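Structure first, commentary second.
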Amino acid sequence: MAGGRQTDEVRRYAEAHRPVDAVVQRIGHDTWDLILIDGAGAWDRWVFESRDAAAEAARQAGAEVSDGWTDSLSQRVTHRDEWGTPGGTRRAL
């Protein structure tokens, strides 16, 4: 799960998609999602073993961290047509 390589991936994504915001949310007993969202609503996610590790990776990447979804972040992500947008996040493929 969490590790230096994963933190590097978070940092690289953030650098390529500035500005980014982050959402940290619990997804299991000892697992936490870190979701980075750019200004256009594109996103990617990573799984960490603690809330602190996820939030620290986001901070190191220069992202503003939210504990859970705000209305504005939810709207930014859901307004995109991922299947019709070039470069969209097509998770089912």
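Please treat every number below as a calculation from the coordinates, not as lab data. This structure is a prediction, so every number in the text was calculated from the model and none was measured. Here the Cβ is made from the backbone with ideal geometry for all residues, glycine too, and neighbour counts use every protein chain on show.
Binned at 5 Å from 0, what are the whole-percent values of the Cα-Cα distance distribution for segment 4-78, short to long?
3, 19, 31, 26, 16, 4, 1
Measuring from label point to label point, each 7 Å out along Cα→Cβ, what is the R12 to D52 span in nm?
2.8
Modelled label-to-label distance, Q60 and H79, 7 Å Cα→beta-carbon offset: nm?
3.2
Based on the Kirkwood radius over alpha-carbon pairs, what is the Stokes-Einstein translational diffusion coefficient of segment 25-67 at 37 °C with 0.692 mPa s viscosity, in µm²/s?
In µm²/s, the coefficient rounds to 311.
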